[in-house]
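Q: Here it is: the structure, laid out below.
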Amino acid sequence: MALLWFLLIGLAAGWLASQIMKGGGSGLGSDLIMGVIGSILGGFLFGLLGLSASGLFGSLVTATVGAIVLISGLRLINRRRF
């Protein structure tokens, strides 16, 4: 059951981050991947900053922040390559 919540939060966070970053939604699979990787990245970044977020809303915020950082980093890398 925890895996299902993790995936649902990742999907919501990926979609939310793509909307915030004006990505227009990359599709269900891409949003899920961005959200799941973003949740791991967000948890790492929050830990470095000494922040903690608990509960469903805290997990969503952490994952969304991580996904925004991930999207920004990918855009920066793609901009330099081309």
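Read-outs: derived from the displayed coordinates by stated rules, not from any lab. Quick caveat, the model's predicted, so the values are computed rather than measured. Every residue, glycine among them, receives a Cβ derived from its backbone with ideal geometry; neighbour counts consider all protein chains shown.
Q: Quick check on my filter: what residues within segment 61-75 are over 8 Å from the mean Cα position of the chain (by Cα) and either among the hydroxyl-bearing types (Ser, Thr, Tyr) or exposed (fewer than 10 other Cβ atoms within 10 Å of the Cβ) (or both)?
A: Scanning segment 61-75 gives a single hit, Ser72.
Q: Could I ask something else about it? Across segment 44-60, what is the number of residues that are under 16 Å from Leu11 (Cα atoms) and crowded, with 17+ Cβ neighbours inside 10 Å?
A: Within segment 44-60, the first condition is being under 16 Å from Leu11 (Cα atoms), and the residues that meet it are 56-60.
Checking the rest, the ones that are also crowded, with 17+ Cβ neighbours inside 10 Å come to 59-60.
The total comes to 2.
Q: I'd like the residue in segment 6-36 that is buried (at least 18 other Cβ atoms within 10 Å of the Cβ) and among the β-branched types (Val, Ile, Thr) and, out of all such residues, is farthest from Leu70 (Cα to Cα).
A: The residue in question is Ile9.
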